Amino acid sequence: MYHKQVGQVHGRKSGLPVTLPIVFVATLTIYLSCAAPSIMYGDSAELQAVALEGGVAHPTGYPTFILLGQVFGRVLGGDEAHRITAMSAIFGAAAVCAFLVVLLKFGLPLRAATAGAVIYALSFTFFWSAIRTEVYTVAIFIFFVGLWLTLHALERPVPARAALAGLFLGLVLTGHLTFVPPVMVMLVALILARPTDGGSRAKYIAALAVAFTAGLLPYLYLVYADRAGYALNYLDFKIDPAGGQYGLTPETFDDPWERIPWLILGTESQPTVFLVHLRPMIWQIQRVLSIEFIYHFGPVALPLFVLGIHQAARRLHRRVLLLLAIILASALFGAGFGVGRMLQIFLIPSTIGIAVTVSFGIWFILERIPGDSRQLRWIWHAMLIVLVLCIVLVPHALRVRLQDSPSFPDDMKMHVEGEPEIRTFIPRLNDFWEPRRYGERVLDLVPENAFVAGKWKEITVLYYLHYVEGARPDITLDEYVPGHYIRLNRWQEKHGLATHPIVFLRHPSVLQAEITNVDTLRVNDEQSLFICRKPFEPLLPPARRP
């Protein structure tokens with residue numbers, strides 16, 4: 001029955017060769033016109049630098065993104081940092097097209113699939129990730145390819161199809177680990193499928209396992225990069241085992257095979273587990289619902305979501321279980337572990353599943369458009385277009401309205417990971433030159449041969465300018481964390497601070513009271529540099545401070 005229905009739908013795909021290029025060009029034009037023009041703050045600045053120059057990025061290392069950045073950074077033109085942002089936009093547009101193809105694979109007609117792809121393309125978190133340097137659009141694109149191949153393999157479970165699906169499911173996990181729940185769901189579905197054509201089950205499982213493992217191989221690039229001594233290496237820049245960070249020691253953190261697993265698993269983080277605490281979990285579920293049905297698709301999408309489940313159950317039978325399992329597993333994972341601004345990132349697979357289901361709801365309405373009256377058909381289609389516009393536009397209006405509302409709980413507002421906050425109706429960063437202006441001003445003010453210490457947000461801007469654009473080769477950069485007291489001590493032991501000062505991008509009172517003799521230079525109306533030219537008492541390890 002499923003094969004027959006899919007075949008019928010495939011017969012109505014004649015417009016796909018025209019639709020896909022239109023969708024790609026339209027979404028890419030929107031994303032590029034709204035994209036950040038140059039360097040960004042924090043993770044984005046670091047990813048821009050490492051993608052251009054090679055090396056090891058912050059956990060989980062994101063090797064596939066970095067390797068792709070090596071290509072796009074050389075092929076594209078213009079501002080070098082913008083090239084990596086443009087790569088995010090390109091993969092964003094490609095992911096929208098891949099999503100459309102996935103919807104067709106689920107059996108939707110082209111009109112419903114196109115409407116669903118447009119809705120997802122303009123949903124806030126996806127839009128936001130396509131206009132800045134982030135790893136998410138690359139990971140989402142790979143996920144859609146893996147999902148399509150999984151559906152293809154489930155139609156006819158044979159070793160070759162299982163292997164191809166397994167390869168991309170492994171590759172998904174080199175993009176971002178928020179896809180662990182849906183990947184596990186799809187792997188279980190593939191494992192439980194019975195091989196057709198009388199094939200050997202052992203051969204089928206072996207093909208899937210080998211291919212999945214092969215998909216994880218990009219992580220070996222991190223081993224290579226760590227061993228090759230790249231200047232851009234998070235494990236050297238941020239981690240100093242001699243300072244006792246995270247319980248590490250030089251003896252236990254001196255080999256790539258020790259360092260890279262630590263990086264991939266994000267061992268430095270200590271996640272909050274909400275699943276075991278009832279009241280926080282209820283609050284998390286409320287936040288999940290607000291993100292999905294206020295800020296991503298709006299309350300208008302909720303009845304379509306319900307209709308979509310009905311439509312999917314009626315059409316897909318067992319395939320709907322795969323879809324619902326992906327949504328449920330991802331939503332629980334996000335609600336259980338997604339903290340603060342990272343919650344919408346943990347919910348990316350759940351958001352995709354809801355977008356699929358809403359697309360089924362649109363199909364449900366399309367099937368009920370009267371066919372006996374041309375005038376009625378036009379009216380129904382006009383109503384459907386208005387409905388899609390509401391699903392696209394209302395969430396952005398609510399996001400802007402609620403963001404500035406003092407009476408609305410701050411935890412329920414749509415904050416983003418990293419800077420800046422998006423406060424415009426149409427998400428855009430095309431005039432976001434602040435990081436470059438800040439970085440260039442700081443480098444103009446920093447004395448010669450200085451040791452510059454700062455928080456991740458600001459120091460990564462200097463990190464990019466220093467390593468990618470070759471600015472100020474005389475200075476040394478450090479991302480100050482408590483474990484790096486040892487680096488400040490080393491510096492003043494080896495250098496005279498009169499000629500090799502220590503510069504803090506934030507006031508040193510956040511470090512320790514002993515550092516009090518500082519000069520101040522104004523960077524802008526809100527920020528200053530604090531320059532230490534006189535020796536200070538050696539800083540104590542965090543554990544020994546009073």
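The values are calculated or read from the model by the stated rules, or taken from the named source; none is laboratory data. Quick caveat, the model's predicted, so the values are computed rather than measured. FYI the Cβ positions are ideal-geometry reconstructions off the backbone, even for glycines, and counts take in every protein chain you see. When the accessible area is computed, the model is the full protein with side chains, heavy atoms only, and any ligands, DNA or RNA have been set aside. Shrake-Rupley method; radii C 1.70, N 1.55, O 1.52, S 1.80 Å.
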**Item:** Hits in segment 95-114 (condition: open to solvent by less than 20 Å² (accessible area, probe 1.4 Å) and among the aliphatic types (A, V, I, L, M))
**Value:** Ala95, Val96, Ala98, Leu100, Val102, Leu103, Leu104, Leu108, Ala112, Ala113
**Item:** Arg287 being touching a helix residue (DSSP H, G or I) at 6+ places or on another chain (Cβ under 8 Å), open to solvent by 30 Å² or more (accessible area, probe 1.4 Å) and outside any loop (DSSP other than H, G, I, E, B)
**Value:** no
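So, in segment 71-80, how many residues would count as being of a type in the set (Val, Ile, Thr) and open to solvent by less than 50 Å² (accessible area, probe 1.4 Å)?
Of the residues in segment 71-80, 0 are of a type in the set (Val, Ile, Thr) and open to solvent by less than 50 Å² (accessible area, probe 1.4 Å).
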**Request:** Residues being open to solvent by 10 Å² or more (accessible area, probe 1.4 Å) and closer than 20 Å to Leu465 by Cα: count how many of those fall in segment 43-70.
**Result:** 5
**Asked** Of all residues in segment 336-368 being exposed (fewer than 15 other Cβ atoms within 10 Å of the Cβ) and over 16 Å from the mean Cα position of the chain (by Cα), which is modelled with the highest pLDDT?
**Response** Glu367
**Complete:** Output for Cβ contacts, cut-off 7 Å, separation at least six or different chains, first residue touching a residue at least 60 places away in the same chain (Cβ under 8 Å) in segment 427-447, second among the aliphatic types (A, V, I, L, M) and assigned to a helix (DSSP H, G or I), reads Pro435/Ala45; Pro435/Val461; Tyr438/Val461; Gly439/Val461; Gly439/Leu462; Gly439/Leu465; Val442/Leu462
**Prompt:** Do we have Arg83 as out of contact with any helix residue (DSSP H, G or I) (no Cβ under 6 Å at 6 or more places or on another chain), surrounded by fewer than 21 Cβ atoms within 10 Å (Cβ to Cβ) and not in a loop (DSSP other than H, G, I, E, B) here?
**Reply:** no
**Residue that is farthest from Ile327 (Cα to Cα), among those in segment 134-189 that are of a type in the set (S, T, N, Q) and touching a Ser or Thr at 6+ places or on another chain (Cβ under 7 Å)** = Thr174
**Message:** Condition (residue is in contact (Cβ under 8 Å) with a residue 60 or more places away in the chain and in a loop (DSSP other than H, G, I, E, B)) applied to segment 379-400: is it met by at least one residue?
**Reply:** no
**Item:** segment 409-426: number of residues that are open to solvent by less than 50 Å² (accessible area, probe 1.4 Å) and farther than 20 Å from Cys34 by Cβ
**Value:** 2
**Request:** Determine whether segment 509-526 contains at least one residue that is in a helix (DSSP H, G or I), over 14 Å from Asn449 (Cα atoms), open to solvent by 20 Å² or more (accessible area, probe 1.4 Å) and not β-branched (Val, Ile, Thr).
**Result:** yes
**Prompt:** When you go through Thr196, Thr174, Thr178 one by one, which is the residue that is assigned to a helix (DSSP H, G or I), hydroxyl-bearing (Ser, Thr, Tyr) and either on the phi > 0 side of the Ramachandran plot or open to solvent by less than 50 Å² (accessible area, probe 1.4 Å) (or both)?
**Reply:** Thr178
**Prompt:** Would segment 327-335 turn up any residue that is open to solvent by less than 10 Å² (accessible area, probe 1.4 Å), at pLDDT below 90 and assigned to a helix (DSSP H, G or I)?
**Reply:** yes
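Tell me, yes or no, whether segment 473-493 has at least one residue that is part of a loop (DSSP other than H, G, I, E, B), modelled with pLDDT of 95 or more, of a type outside the set (Asp, Glu) and more than 28 Å from Gln48 (Cα to Cα).
No: zero hits.
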